[in-house]
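All of the numbers you see were taken from the coordinates with simple rules; none came from a lab. The structure presented is a predicted model; accordingly, all values stated were derived computationally and were not measured. When we count neighbours, we look across all protein chains shown, and the Cβ atoms used for this are built from the backbone with ideal geometry, even at glycine.
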Amino acid sequence: MSTLKKYCFWLITGSQHLYGEEAIRQVDRDAAYIADSLNSSGRLPCKIVAKPAVTTPEEITKICKEADYDDACAGVITWMHTFSPSKMWIAGLSRLQKPLLHFHTQHNRGIPWDSIDMDFMNLNQSAHGDREHGYIGARLRMPRKIVVGFYEDADVQRQIASWQRCAVGAAVGKTLKVARFGDNMREVAVTEGDKVGTQICLGWSVNYYGLGDLAAVVNAVADSEIDLKLQKYRSDYEIRTDDLDSVRYQARLEIGIHRFLERGNFTAYTTNFEDLHGLEQLPGLASQQLMADGYGFGAEGDWKTAALTRVMKVMAEGLEGGTSFMEDYTYHLEKGSEMVLGAHMLEVCPTLAAEKPAIEVHELSIGGKKAPARLVFHGAAGPAIAVSLVEMGGRMRMIVNDVETVVPPFEMPKLPVARVMWKPLPSLSVSAGAWLLAGGAHHTVFSYALTAGHMRDFARMTGLEFIHIGAHTDIAELEKELFWNDIAYKFK
């Protein structure tokens, strides 16, 4: 079952008793109609459930409590059909823990010129009812998404759909568990972080497991299971190696890691080439396969990127284009055609592939283990984002760079890894300078499916600092933004 389909969103419509019971019944009918219209559009990944109109402080507080306690509810959408005095909303909104979208719409697209009267005006007051509601959201300093427009319009529906994906990502994070097989790569700063602070902020639970714990599960995998997995590899990929023992061992690793994760309800994990005791190879093909199945992954113990990979894979369900762990590896600095070559030692998800990946076996110059099997391919061309999450001491910063992936201008026959080549916006020099200034990591989550808009909404609802590097980035302005952010976060 799709992770997205497990969640729903509540449409809570505000009104008051001033207009009489029949007016409230009409508000309920109109809210149900809007929810049905949105649900039947085919654009929303999650169902919207229309709740009865709320007309008193007690009703508002009660429904906000219920939304918080309902695990299936990933967020709340509010709409003021009539005027709803916003002091009524203070107690409920002050305690609401779920993401909030304020939908500024109305039931009728146009004004009924020939029949409009005061009854119609009293019932259809979103134009100023939502302004009252907007004030209390601002007064409470509530992080919220605001969508304005008619509910049948495609662009409005797409905005709501995008926000829903982010809210589900936040909801998934509340129970996300990361298994760290080994520790972080020694002496590396950016993969470290405050695991307790991260769990408080995002809900991600990160714990260590010794390689012996994993090796025991890997070694117990039956040959018959490996045979079945090898059949799947032959079906999905081109096999360009005679070393089937290495391929079979990666199948053993995939099955064993999956079993370990499933038993512990983990949806993300890390490995470290410096810590492979009890394993014959660094998981390569195995990690690529697990990412393709939706698991989050981080190399060198990078648990932040592992967890974010999982969250972004859930957010991207059903969208075109893949999502993967990635690393900025080397540059092409030809004047006027500057590009980044992204790759890793082994672990890039095949959902990024432009063509059918091939399984190859090559020596790995680090780690001191046997030559591992891995998938080799080029990434597809098109727009994408690279996302980094870094610890800034007391807060976390999300940095997103818009990029344009390209077909490599030449073949790379001696590079036995999966790779993606891109032109970062606005240019390599500006984007790289901005990335370094903001403290972005060398590991990222790379996605064709998601946009900076998705990640901005996710950052807003989870309390992350958000830095966007795109077509209009200016280094001097970014320096100011970072300076003011540092000051602002000291007072949060």
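Would you check the stretch 1-156 for Lys pairs whose C-alpha atoms are within less than 21 Å, ignoring same-chain pairs closer than 8 in sequence, and give me the count?
The result is 23.
In debye, nearest 20: dipole of the stretch 4-172 around its Cα centre with unit charges on the Cβ of K, R (+) and D, E (-)?
Using only the charged Cβ atoms, the result is roughly 920 debye.
Counting only other residues whose beta carbon sits under 15 Å from that of residue 23, what net charge do I get with K and R as +1, D and E as -1?
Around residue 23, the surrounding residues sum to -4.
To the nearest 500 deg cm²/dmol, what mean residue ellipticity at 222 nm is calculated for the chain from DSSP H runs of n ≥ 4 alone, each contributing -39,500 (n - 2.57), summed and divided by the residues?
Value at 222 nm, helices only: -12000 deg cm²/dmol.
What is the fewest-to-most order of 365, 388, 427 by other Cβ atoms lying within 10 Å of their Cβ?
Least to most surrounded, the residues fall as 365, 427, 388.
Just check the stretch 4-172 against the gyration tensor rule for me: Cα atoms, a ≥ b ≥ c as the square roots of the eigenvalues, rounded for a/c under 1.5, and otherwise prolate or oblate depending on whether a/b exceeds b/c.
Since a/c reaches 1.5 but b/c is at least a/b, the shape of the stretch 4-172 is classed as oblate.
Excluding residue 324 itself, what net charge comes from residues whose Cβ is under 14 Å from its Cβ, given Lys and Arg +1 and Asp and Glu -1?
Net of charged neighbours comes to -1.
When the Karplus curve 6.51 cos²θ - 1.76 cosθ + 1.60 is applied with θ = phi - 60°, which whole-Hz ³J(HN,Hα) does each residue of the stretch 430-439 get, with x for Gly and Pro?
After applying 6.51 cos²θ - 1.76 cosθ + 1.60, I find 6, 5, 5, x, 5, 4, 5, 4, 7, x Hz.
Hey, got the dipole for the stretch 189-292? About the Cα centre, +1 on K and R Cβ, -1 on D and E Cβ, debye to the nearest 20?
With Lys and Arg at +1 and Asp and Glu at -1, about 320 debye.
Determine the gain in length on full extension of the stretch residue 492-residue 6; use 0.36 nm per residue of separation and subtract their C-alpha separation, reporting nm with one decimal.
Here the answer is 171.6 nm.
Please compute the net charge surrounding residue 267, taking Lys and Arg as +1 and Asp and Glu as -1 over other residues with Cβ under 10 Å from its Cβ.
+2
Going by C-beta contacts inside 10 Å, put 158, 240 in order with the fewest on the left.
Lowest to highest Cβ neighbour count: 240, 158.
Residues in the stretch 185-224, backbone N under 15 Å from the label point at residue 366 (7 Å along the Cα-to-beta-carbon vector): list them, ranges by number please.
What the label zone holds, given the 15 Å backbone N cut-off, is 185-192.
Of 384, 344, 447, which is farthest on the positive side of the dipole of the stretch 335-492, counting Cα position, with +1 on Lys and Arg Cβ, -1 on Asp and Glu Cβ, and the Cα centre as origin?
So the residue furthest toward the plus end is 344.
Calculate the length of the line joining the C-alpha centroid of the stretch 89-126 to that of the stretch 356-384, in whole Å.
After rounding, the separation between the Cα centres reads 54 Å.
Please find the FRET efficiency linking residue 356 to residue 484, where r is the Cβ-Cβ separation and R0 is fixed at 45 Å, and quote it to the nearest 0.05.
That gives a FRET efficiency of 0.40.
Exposure proxy check: 460, 95 ranked by fewest other beta carbons within 10 Å?
Lowest count first: 95, 460.
Can you give me the distance in nm between label points at residue 188 and residue 475, each placed 7 Å from the Cα along the Cα-to-Cβ direction?
So the label points at residue 188 and residue 475 sit 2.7 nm apart.
With +1 on each Lys and Arg Cβ and -1 on each Asp and Glu Cβ, and nothing else charged, work out how big the dipole of the chain is about its Cα centre, in Debye to the nearest 20.
Once rounded to the nearest 20, the dipole reads 860 debye.
Starting from the Cα coordinates of the chain, work out the convex hull volume and express it per residue in Å³.
Cα-based convex hull of the chain, divided per residue, equals 163 Å³.
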